[in-house]
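Undergrad: Below you will find the structure I want to go over with you.
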Amino acid sequence: MYRKYILISIVIILISIAILFSMGRLPFCKCEVISIWSSDVMSSEQSQQFADPYTFTHIIHGIALYFLLWLAFGRRLNTLQRFVLAIGMESAWEILENTDYVINRYREATISLDYYGDSIFNSVGDIIAMAVGFFAAWKFPKKVSFGIVVLIELLLLYFIRDNLTINIIMLIHPIESLKHWQAGIQ
């Protein structure tokens, strides 16, 4: 039974890959390097390799989607049906995130001045990270899931001066002093 939901999820990811490709997104980094991990958030490889520090925010997406879909649908949908919905929602976010409007908004409002969108390779990594977060929330107690979210947010804040919370704040209502702090400007 679970194979059906995994297959549907794979089809959704393949459709999102096709849409991203039709939008002109590059399959891989134009730097001609293909890597599983890129740690430098200020490099041209940011959001171009399979995973980077921002990939951890997609784990948070998965945890959040698990609980939001559970609240919305409860027992009317089983966990795997909710997983398929989460894959669809995260795939839709990856498509939206790579539109000119959102790319320009990131460049205008956040520290991501050199952000030109994700490679398709990175978008797939982000969707898989969301799936990891979703399954973690399914298998771990709520307190552990909440602890994972807090830990990720604090570690990202410490290591890259950014996290999901700051990203949302800066996209909705940019704070210049926060942007300067992120850039290390006194």
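Undergrad: Would you calculate a helix-derived [θ] at 222 nm for the chain, using -39,500 (n - 2.57) for each DSSP H run of n ≥ 4 and dividing by the full residue count, to the nearest 500? Please list the in-between numbers first.
TA: Working: 8 runs with 125 residues, N = 186.
The helix contribution divided over the chain gives -22000 deg cm²/dmol.
Undergrad: On to the next question. Provide the FRET efficiency to the nearest 0.05 for the L14-S177 pair, computing r from the beta carbons and using R0 = 45 Å.
TA: Working: r = 43 Å, r/R0 = 0.96.
About 0.55, to the nearest 0.05.
Undergrad: Using label points projected 7 Å from each Cα along Cα→Cβ, tell me how many nm separate A72 and R161, to one decimal.
TA: 3.6
Undergrad: If you don't mind, there's one more thing I want to ask. In which sequence would K179, K142 go, from the one with the fewest C-beta neighbours within 10 Å to the one with the most? Each step should come with its number before you reach the end.
TA: Working: K179 16, K142 10.
Going from least to most buried by this count: K142, K179.
Undergrad: While we're on this one: Could you give each residue of the stretch 19-33 its phi-based ³J(HN,Hα) in whole Hz, using Karplus coefficients 6.51, -1.76, 1.60 with θ = phi - 60°, and x for Gly or Pro?
TA: Result, ordered by residue: 5, 4, 5, 5, 7, x, 5, 6, x, 9, 4, 5, 6, 6, 10 Hz.
Undergrad: Please state the Cα pair-distance histogram of the stretch 47-183 with 10 angstrom bins from zero: what percent is in each bin?
TA: 12, 39, 35, 12, 1
Undergrad: When M170, M23 are ordered from fewest to most other Cβ atoms inside 10 Å of their Cβ, what list results? Can you show the working numbers first?
TA: On the way: M170 21, M23 13.
In order of increasing Cβ crowding within 10 Å: M23, M170.
Undergrad: Once the Cα atoms of helix 79-97 and of the chain are each reduced to a long axis, what angle between those two axes, in degrees from 0 to 90 to the nearest 10, is obtained?
TA: 30
Undergrad: Among D114, D126, D162, rank each residue by its count of other Cβ atoms within 10 Å, from fewest to most, as a rough exposure measure. Write out the running numbers ahead of the final one.
TA: Numbers: D114 11, D126 26, D162 20.
Ranked by crowding around the Cβ, least crowded first: D114, D162, D126.
Undergrad: If you don't mind, there's one more thing I want to ask. At a 10 angstrom cut-off on C-beta neighbours, averaged per residue, how do the peptides 99-107, 79-87, 57-65 rank from highest to lowest?
TA: Values: 99-107: 13.9, 79-87: 20.1, 57-65: 22.8.
Put in order of decreasing packing, that is 57-65, 79-87, 99-107.
Undergrad: Further question: On a 0 to 90° scale, report how tilted helix 100-109 is relative to the longest principal axis of the chain, with both axes built from alpha carbons and the result rounded to the nearest 10.
TA: 50
Undergrad: Taking amide H positions as placed 1.01 Å from N in the peptide plane, with prolines and chain starts having none, which residues 5 or more places from A51, or on another chain, fall under 5 Å of its amide H?
TA: Residues meeting the amide H criterion: W37, S38.
Undergrad: May I ask for the distance between the Cα centers of the stretch 28-97 and the stretch 158-186, given as a whole number of Å?
TA: The stretch 28-97 and the stretch 158-186 have Cα centres spaced 21 Å from each other.
Quick note: the coordinates plus some simple rules give every number you see, no bench work behind them. Remember, predicted model here, so these are calculated numbers, not experimental data. Heads up, the Cβs are rebuilt from the backbone with ideal geometry, glycines too, and the neighbour counts pull from every protein chain shown.
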